[in-house]
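Visitor: The structure that follows is given in the form of structure tokens.
The values are calculated or read from the model by the stated rules, or taken from the named source; none is laboratory data. Bear in mind that the values here come from a model prediction, so they are computed numbers and not experimental data. Don't worry about glycine lacking a Cβ; one is built from the backbone with ideal geometry, like all the others, and counts go over all protein chains shown. Remember, those area values only see protein heavy atoms, side chains included, never the ligands or the DNA or RNA. Shrake-Rupley method; radii C 1.70, N 1.55, O 1.52, S 1.80 Å.
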Amino acid sequence: VIESACAQLVAWAEKPHTRDLVLAVNVSAKQFHDPDFVEQLIVVVERYGITPHLLKLELTESMLMDEALDTIRLLARLHDMGFSIAMDDFGTGYSSLSYLKRFPIDTLKIDRVFIRDIERSHDDAAIVSAIIGLAHSLRLDVVAEGVETEAQLNFLQQEGCDLLQGYYFSRPVAAAEFAELLKRGA
């Protein structure tokens, strides 16, 4: 997957409307805890000649909590090399806020389970607002996953959510179709 992502970034680099895009890749627990993961990642990135900041590594909250101290060291190494790190599915795991401030991450991704009912559930709306406020106070970007309605979009924009993803904007599409959507401004 990382190999394909790097190849896509090279293809996007050739076109003005896609050259600055960042591509996020989910990293599995098995992959992340492989002792050769960082070296393999470096080899692929160097082979394709891409800048590490264009590749965002997404790791789930629960995965980051496994062996947290070792994880912090590995994340710091990746971050120092220029990779952007996102904590995916935030709010669904068992993370400690004391660890959250120690993880060298750039982005919190709010899990769709909280987004789904923000129109009807005061509790979900309060949790989403709190996560956005917490992330911003830690100087992190916030992505809301699973945005499907205009009401969700409006709420999240009003709360200052940085980035939104979900079917409201588009179903998953192939890279070529995605680039064409961007070109048309859709």
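Visitor: Residues of segment 45-57 being surrounded by 15 or more Cβ atoms within 10 Å (Cβ to Cβ) and not in a helix (DSSP H, G or I), which ones?
Guide: 50, 55, 56, 57, listed by residue number.
Visitor: Within the bounds of segment 81-96, is there any residue that is free of Cβ contacts under 8 Å to residues at least 60 places away in the same chain, open to solvent by 70 Å² or more (accessible area, probe 1.4 Å) and either under 20 Å from residue 178 (Cα atoms) or part of a helix (DSSP H, G or I) (or both)?
Guide: Scanning segment 81-96, I find no residue that is free of Cβ contacts under 8 Å to residues at least 60 places away in the same chain, open to solvent by 70 Å² or more (accessible area, probe 1.4 Å) and either under 20 Å from residue 178 (Cα atoms) or part of a helix (DSSP H, G or I) (or both), so the answer is no.
Visitor: Another one. Before we move on, is residue 128 assigned to a helix (DSSP H, G or I), of a type in the set (A, V, I, L, M), in contact with a strand residue (DSSP E or B) (Cβ under 7 Å, 6 or more places away or on another chain) and free of Cβ contacts under 8 Å to residues at least 40 places away in the same chain?
Guide: Considered against the rule, which asks whether it is assigned to a helix (DSSP H, G or I), of a type in the set (A, V, I, L, M), in contact with a strand residue (DSSP E or B) (Cβ under 7 Å, 6 or more places away or on another chain) and free of Cβ contacts under 8 Å to residues at least 40 places away in the same chain, residue 128 comes out as yes.
Visitor: In this structure, is residue 9 touching a residue at least 24 places away in the same chain (Cβ under 8 Å) and either in a strand (DSSP E or B) or out of contact with any helix residue (DSSP H, G or I) (no Cβ under 6 Å at 6 or more places or on another chain) (or both)?
Guide: no
Results for (1) modelled with pLDDT of 95 or more; (2) hydrophobic (A, V, I, L, M, F, W, C); (3) touching a Lys or Arg at 6+ places or on another chain (Cβ under 8 Å), shown as yes or no for each residue.
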{"site": "143", "(1), (2), (3)": "yes, yes, yes"}
{"site": "146", "(1), (2), (3)": "yes, no, yes"}
{"site": "150", "(1), (2), (3)": "yes, no, no"}
{"site": "155", "(1), (2), (3)": "yes, yes, no"}
{"site": "160", "(1), (2), (3)": "yes, no, no"}
{"site": "175", "(1), (2), (3)": "no, yes, no"}
{"site": "178", "(1), (2), (3)": "no, yes, no"}
{"site": "181", "(1), (2), (3)": "no, yes, no"}
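One line per residue, one yes/no per condition, for (1) surrounded by fewer than 17 Cβ atoms within 10 Å (Cβ to Cβ); (2) charged (D, E, K, R); (3) under 14 Å from residue 55 (Cβ atoms):
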{"site": "1", "(1), (2), (3)": "yes, no, yes"}
{"site": "18", "(1), (2), (3)": "no, no, no"}
{"site": "27", "(1), (2), (3)": "no, no, yes"}
{"site": "40", "(1), (2), (3)": "yes, no, yes"}
{"site": "43", "(1), (2), (3)": "yes, no, yes"}
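Visitor: Hey, another quick one. Against the condition closer than 16 Å to residue 89 by Cβ, open to solvent by 60 Å² or more (accessible area, probe 1.4 Å) and hydroxyl-bearing (Ser, Thr, Tyr), how does residue 62 come out, does it pass?
Guide: Yes; evaluated as a whole, the condition is true for this residue.
Visitor: Could you say whether any residue in segment 112-120 is of a type in the set (D, E, K, R), in contact with a strand residue (DSSP E or B) (Cβ under 6 Å, 6 or more places away or on another chain) and under 22 Å from residue 23 (Cβ atoms)?
Guide: No, segment 112-120 has no match at all.
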